[in-house]
Amino acid sequence: MPELPEVEVLARHLRPLLIGKKIRTVSVHRARVLEPTSAAQLKRALRGATFRKLARRGKYLVFELKRASARSPLTLVGHLGMTGRMYLLPRAASLPKHAAVVMDLGREQFVYEDTRYFGRFTLNANSISQLGPEPLNDEFNPKTFAAALARSRQAIKTKLLDQSLVAGVGNIYASESLYRAGIHPSRSVARIGLPRWQRLAAAVVEVLGEAITQGGTTLNDFADGEGNSGYFQVSLSAYGREGEPCARCGREIRRLVQSGRSTFYCPGCQR
């Protein structure tokens, strides 16, 4: 599933292409991705609206649109799910088989494509209102990070995936951040002191920043709006490297399963 870096890369690509564009009509081919918004509600709300802003919140794309007849802006929330993509096509181009939502922008059409339909493209913004702090903003620091997790006794890797505590960090970057911070993924949150929190918070910011610079991590279907894949996967130190030697100590990288997700770690560096 695309995580914060992949979504940030996509937002930066789409922003200059969409801002100022007016939606003429909306076609819905898979109403399931709109829930709880209906196809009729989406078409009615977006027709004639103009893209004003595009931001990222956690793993979500947040589009702000302005309608001529409305005083307040309209918010559209997009989530790529497992295999979603968003991009522009020439108006005359053929649509892909799994196009879920298509917006006519005049000379171009904005396509939301999703082969598995696990993503979302909706007017309901409840999902982003429940997210925790952004790890790349000033609101994220070791003290607030530690305070938010102070009463938990769960494994640190499991808690890192809780989007209400830290927005946008998923399985890949949680593993990589714990590796860089030298913290075992099974260590109880209650057994992590401030020095370790400081290392972990710094590692999260560092890993996410590097991944954004390198276009994200492509392990499955992610690509930016032009079909370009990221290359941060070549920089991964732990994730997906089971059986390979650790670059720091030479011990073999191991894998364990936590809450149904694979975690990769070094038994030498992460005791």
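The values are calculated or read from the model by the stated rules, or taken from the named source; none is laboratory data. The model shown is predicted, which means the values in this text are computed figures rather than measured ones. Quick reminder, even Gly has a Cβ in these numbers, built from the backbone with ideal geometry, and neighbours come from all protein chains shown.
In this structure, does Lys66 turn out to be free of Cβ contacts under 8 Å to residues at least 40 places away in the same chain and under 20 Å from the mean Cα position of the chain (by Cα)? No: the conditions fail for Lys66. Pairing residues of segment 139-152 that are in the same structural domain as Leu165 (by TED's automatic domain parsing) and farther than 17 Å from Ser177 by Cα with residues that are at pLDDT below 85 and assigned to a loop (DSSP other than H, G, I, E, B), at Cβ distances under 8 Å and at least 6 apart in sequence or on separate chains, gives no pairs at all.
Residue pairs, Cβ under 7 Å, 6 or more apart or interchain, first in segment 245-262 and under 17 Å from Ser235 (Cα atoms) and modelled with pLDDT under 95, second assigned to a loop (DSSP other than H, G, I, E, B) and aromatic (Phe, Trp, Tyr). List them. Matching pairs, first to second residue: none at all.
Cβ-Cβ contacts under 8 Å between residues 6 or more apart (or on different chains), taken from a first residue in segment 32-45 that is farther than 18 Å from Ala99 by Cβ to a second residue that is hydrophobic (A, V, I, L, M, F, W, C) and surrounded by fewer than 19 Cβ atoms within 10 Å (Cβ to Cβ), are listed as Ser38/Ala31; Gln41/Leu123; Ala45/Leu74; Ala45/Leu123. Does segment 147-157 include one or more residues that are closer than 25 Å to Arg30 by Cβ, assigned to a strand (DSSP E or B) and in contact with a helix residue (DSSP H, G or I) (Cβ under 9 Å, 6 or more places away or on another chain)? Checking segment 147-157: not a single residue is closer than 25 Å to Arg30 by Cβ, assigned to a strand (DSSP E or B) and in contact with a helix residue (DSSP H, G or I) (Cβ under 9 Å, 6 or more places away or on another chain).
For every residue, the table says whether it meets (1) farther than 27 Å from Leu10 by Cα; (2) of a type outside the set (Ser, Thr, Tyr).
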residue: Arg116; (1), (2): no, yes
residue: Asn124; (1), (2): no, yes
residue: Glu134; (1), (2): no, yes
residue: Pro142; (1), (2): yes, yes
residue: Leu149; (1), (2): yes, yes
residue: Ala155; (1), (2): yes, yes
residue: Gln163; (1), (2): no, yes
residue: Val166; (1), (2): no, yes
residue: Tyr179; (1), (2): no, no
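What tally of residues in segment 92-120 results from selecting those that are among the charged types (D, E, K, R) and in contact with a Leu (Cβ under 7 Å, 6 or more places away or on another chain)? So the answer is 1.
Selection of segment 24-60 for residues being in a loop (DSSP other than H, G, I, E, B) and under 25 Å from the mean Cα position of the chain (by Cα) yields His29, Arg30, Glu35, Pro36, Thr37, Ser38, Gly58, Lys59. Against the list (1) in contact with a helix residue (DSSP H, G or I) (Cβ under 9 Å, 6 or more places away or on another chain); (2) at pLDDT 95 or above; (3) within 20 Å of Ser127 (Cα to Cα), the condition Gly84 fails is (2). Within segment 41-67, which residues are under 13 Å from Val26 (Cβ atoms) and polar (S, T, N, Q)? Residue satisfying the conditions is Gln41 alone. Of all residues in segment 61-74, those satisfying the criterion of being surrounded by fewer than 19 Cβ atoms within 10 Å (Cβ to Cβ) and part of a strand (DSSP E or B) are Val62, Glu64, Lys66, Leu74.
Within segment 132-155, restricting attention to residues that are within 9 Å of Val189 (Cα to Cα) and not small (Gly, Ala, Ser), the residue that is surrounded by the fewest Cβ atoms within 10 Å (Cβ to Cβ) is Arg151. Every condition in (1) touching a residue at least 60 places away in the same chain (Cβ under 8 Å); (2) more than 14 Å from Thr263 (Cβ to Cβ); (3) buried (at least 18 other Cβ atoms within 10 Å of the Cβ) holds for Gly170 except the one numbered (2).
From the residues in segment 214-244 that are β-branched (Val, Ile, Thr) and in a loop (DSSP other than H, G, I, E, B), which one is modelled with the lowest pLDDT? Taking the candidates together, the pick is Thr218.
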